[in-house]
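The values are calculated or read from the model by the stated rules, or taken from the named source; none is laboratory data. Here the structure is a predicted model, which is why all the values come from computation and not from measurement. Positions of Cβ are generated from backbone atoms using ideal geometry, with glycine treated the same way; all protein chains shown enter the neighbour counts. In case anyone asks, the SASA skips ligands and DNA or RNA and just uses the protein heavy atoms, side chains included. Shrake-Rupley method; radii C 1.70, N 1.55, O 1.52, S 1.80 Å.
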Amino acid sequence: MSLSDANILAIDDEDRWPKIKAYLKKSGWDLYVAQDADRGLDIIRTQSIDLILLDKHLEDIDYLTLLQNIKKISSAPVIVMSKTEDETETIVGLEIGADDFINEPFQTRELAARIKANLRLVQNTEDDLLDKISDKKVQDDTALIHFGSWYLDRKKMAVLDKNKNPLDFTTGEFQLLESLVLSPNQVLSREQLFERTRDEEFDGYDRAIDVQIARIRKKLDDTPGAIDCIKTVRGIGYMLDTKTEKIS
């Protein structure tokens, strides 16, 4: 993600966005607008969204419920737009996953400044991780690695259950999981994961990585005795949160 090239989503049923969209475009930001929760979630699932503006006063759903649903499928920062200053609700919103609040009515310039500040925070965090972790794929010739309830067979490019039965993984899914297994308990950004895979399945790394991670999680979760070992690190990427053991 770049500060000068970001996709913003506003989930809001008010008709105020055409002028704001033109203003944000000056900073290189594309604005999507959804007037209800279902449309907003659909855009998040199908587009690469870098930041979300969420109206606190939507008619079709409680914003805290929608915020929870957003955080299940996206790590993008969320700025809540509110007409009321309720300290308790603000605290609850922040605990659930809101990154910032802006009071209505607001000036477009203030909104743009808050967007920039939140995007900069995400970018700085990702840059720090890139400095700490080598972009090159971890060099390790271990062929069989045990992690959680599974085995990674690198020679056969296969993921095995505890009984050594192979799971149905595509090449791209295997490469993505392999990158996480080779760096256990280490946060990897989407950019790093993309650079370590370079598979043809990945067309536009940001959203593609999220989709592939979701597929991997489902395949692992469907295994008897499975544990949730892939953790989302909000605004950054993913981490394998389990011990690994090199078998051979």
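Give me the angle, in degrees from 0 to 90, between the Cα long axis of helix 108-132 and the longest principal axis of the Cα atoms of the chain, rounded to the nearest 10.
On a 0 to 90 degree scale, this one is about 20.
Hey, which of these cross-link pairs are over 19 Å Cα-Cα: Lys72/Lys243; Lys26/Lys71; Lys72/Lys164; Lys162/Lys246; Lys72/Lys162; Lys164/Lys246?
Lys72/Lys243; Lys26/Lys71; Lys72/Lys164; Lys72/Lys162
Counting only helical runs of four or more DSSP H residues, what would the 222 nm mean residue ellipticity of the chain come to if each run contributes -39,500 (n - 2.57) and the total is spread over all its residues?
It lands at -13000 deg cm²/dmol.
Probe of 1.4 angstrom, ligands and nucleic acids ignored: what's the accessible area per residue over the chain, in square angstrom?
Result: 51 Å² of accessible area for each residue.
Rounded to the nearest Å, what's the spacing between the alpha carbon centres of the stretch 137-186 and the stretch 9-39? Just the number, please.
Here the answer is 41 Å between Cα centres.
Report the extension gain between Ile247 and Glu59 in nm, rounded to one decimal, defined as 0.36 nm multiplied by the number of residues separating them, less their alpha carbon distance.
Stretched out fully, the Ile247 to Glu59 stretch lengthens by 62.1 nm.
Could you list, bin by bin from short to long, the percent of Cα-Cα pairs of the chain in 5 Å steps?
1, 6, 13, 16, 17, 14, 11, 9, 7, 4, 2, 1, 0
If amide hydrogens are placed 1.01 Å from N in the peptide plane, which non-local residues have theirs closer than 5 Å to the one on Ser149?
Those lying under 5 Å, H to H, from Ser149 are Ile227.
Note the angle between two axes, namely the Cα long axis of helix 205-221 and the longest principal axis of the Cα atoms of the chain, as a number of degrees from 0 to 90, rounded to the nearest 10.
The two axes meet at around 60 degrees.
Between the helical axis of 87-96 and the dominant principal axis of the chain, each derived from Cα atoms, what acute angle in degrees is found, rounded to the nearest 10?
With rounding to tens, the tilt is 30 degrees.
Mind checking the dipole of the chain: about its Cα centre, +1 per Lys or Arg Cβ, -1 per Asp or Glu Cβ, Debye to the nearest 20?
The calculation lands at about 880 debye.
Taking R0 as 25 Å, what FRET efficiency do you get between Asp38 and Met157 from their Cβ-Cβ distance, rounded to the nearest 0.05?
0.05
What is the percent carbon and sulfur in the accessible area of the chain, measuring with a 1.4 Å probe over the protein chains and ignoring ligands?
That share works out to 45 percent.
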